[in-house]
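Taking it in order: structure first as structure tokens, then the write-up.
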Amino acid sequence: MHEAVFKPLPNTPKQKSVKVVPPSKPIPAWRLRQSVRTLWALAQGLLMTGRHLLRKPVTFHYPNQKRPQSPRFRGIHKLQRFDDGKERCVGCGLCAVVCPSNAIYLEAQENTPENPVSHGERYASYYQIDMLRCIFCGFCEEACPEDAIILGPNWEAASADRQDFIYTKDRLLVPPEKKDDFRRGMTWPDREVETMPTSSDRPEYYRKLRKIG
């Protein structure tokens, strides 16, 4: 039997792939406006950065350099003395009554003729201020009839212990050697105090921001 002779099949040409091109759509107008706004905001930020590069810095090196405080600055409280060294506080309790956060607590006792502590009939035998509750509103300073309590210029009261924020009379009462540093409460200064410039002292700075915005 003769072997069957198979003729090779002709090579079929490969079918070329058809590239489907999607129909081109125009870019929406809102997308163009969004891109323009983004570029404009970027240009505004770079412009503001460039302006600040040419300005003098208004910062200062704390704590080596400190900004002088205004005479009406409301910081840590002080209990003042008279010129003769006696306490100004007469234990009336008006500061504790007017305090909106109930941060002040005091106990009053009668003065003895042999050893008077104040010029009044009574004095504060115990005085305490909770600085964690105090909002430094100055109501106690305003209500005091003897100018005994003031809010001084010291504001550095950081501590890691909550008990350090309970100021007793020992910490609040001015030492006898500093009794001459008397300042009446809630009074305007006689002269303007020169302080270091801040951004609020430059109204043109905010006008430029409004123009840019």
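Restricting to segment 48-75, name every residue that is surrounded by 11 or more Cβ atoms within 10 Å (Cβ to Cβ) and assigned to a helix (DSSP H, G or I). M48, R51 - these are the residues of segment 48-75 that are surrounded by 11 or more Cβ atoms within 10 Å (Cβ to Cβ) and assigned to a helix (DSSP H, G or I). When segment 126-154 is filtered for residues that are on the phi < 0 side of the Ramachandran plot, assigned to a loop (DSSP other than H, G, I, E, B) and either over 17 Å from the mean Cα position of the chain (by Cα) or among the hydrophobic types (A, V, I, L, M, F, W, C) (or both), the ones remaining, listed by number, are M131, L132, C134, I135, C137, C144, P145, E146, A148, G152. Quick check, is I104 touching a Leu at 6+ places or on another chain (Cβ under 7 Å) and either free of Cβ contacts under 8 Å to residues at least 12 places away in the same chain or among the hydrophobic types (A, V, I, L, M, F, W, C) (or both)? Criteria not met by I104. Going by what's in this entry, would G91 be described as surrounded by fewer than 17 Cβ atoms within 10 Å (Cβ to Cβ) and either in a loop (DSSP other than H, G, I, E, B) or modelled with pLDDT under 90 (or both)? When the stated conditions are applied, G91 does not pass them. Note on segment 123-155: residues that are of a type outside the set (A, V, I, L, M, F, W, C), within 23 Å of F73 (Cβ to Cβ) and free of Cβ contacts under 8 Å to residues at least 40 places away in the same chain total 2.
The values are calculated or read from the model by the stated rules, or taken from the named source; none is laboratory data. The structure presented is a predicted model; accordingly, all values stated were derived computationally and were not measured. For neighbour counting, all protein chains shown are included, and Cβ atoms are generated from backbone atoms with ideal geometry for every residue, glycine included.
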